[in-house]
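S.K.: Below is the structure I would like to discuss, written out as structure tokens.
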Amino acid sequence: MHRSGAVMAWNVFKFCTALRGLGSIMILLVLGVVGVTYYAVVITNYWPALYEGGFDSFVALCVLALFHGLLGMLLWSYFSVVFTDPGSVPLSWRPAIDEERGESDPLSGSDYSGLQSDSTNPRVRYCRKCNQYKPPRCHHCSVCGRCILKMDHHCVWVVNCVGALNYKYFLLFLFYTFLETSIVTLSLLPHFIAFFSDGEIPGTPGTLATTFLAFVLNLAFALSVLGFLIMHISLVSANTTTIEVISCI
Ligand SMILES: [Zn+2]
Ligand SMILES: [Zn+2]
């Protein structure tokens, strides 16, 4: 389980590295997918279905309520990951003194220079780029250009690092994205199947194309986010992070 998770994480990493150049445009891309989906689900299909009466209206009401509720949670968790600081090392942080091994305070005495090297003291790590000590499980992000506490990975979809302080929002974002894309896929499935039937399909070429695109996009996101969600649940249950698993390969 661990090994397959690590291999999958590595593949996702390679894919995400290719998207890194897009920077903040990734936020517009996410909002674009949300916009296309909103147009297909609400405006094209289920808002008009509200007025059909009978059971169709009831189904449309349920789909619209679920869709909007989950969309609100998805956007809230997404922007929480984007705007929450993942956690940087406090300026005053110093490695704890190991009294049993007889080490002195790293900032006073002759041991100071020796502590900067991993080989002389593997328990104290030092970031040469930030010029500061690294707490355990802290990693330097080359994209953010600083050390991140309990860094998981630099996520191109949220244009931010996922670390100690925004990991919870990241997990919620995965969870709500999976639910939302699954609801959208299921609600558009009858319309998608209608494309391959012989009868006349109501709608302009524009609305039909949007429905088709929204279905394919949401199905792809639902499947890939499910894989990502399972991977992160296994990471959390093993108290580890993406970066720690990858560095063990
Ligand atoms: Zn650093
Ligand atoms: Zn980063």
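S.K.: Tell me, how many Å apart are the Cα centres for region 56-100 and for region 193-243?
M.R.: Each part reduced to its Cα centre gives a spacing of 21 Å.
S.K.: A further question follows. Go through 150-160, 43-53 and give me the packing order, highest mean Cβ count within 10 Å leading.
M.R.: Averaged packing, sorted descending, gives the order 150-160, 43-53.
Laboratory data are not the source of any read-out in this text; all were calculated from the coordinates shown. Values in this document were obtained by computation on a predicted structure and should not be read as measured data. Here Cβ is always computed from backbone atoms with ideal geometry, including for glycine, and neighbour counts include all displayed protein chains.
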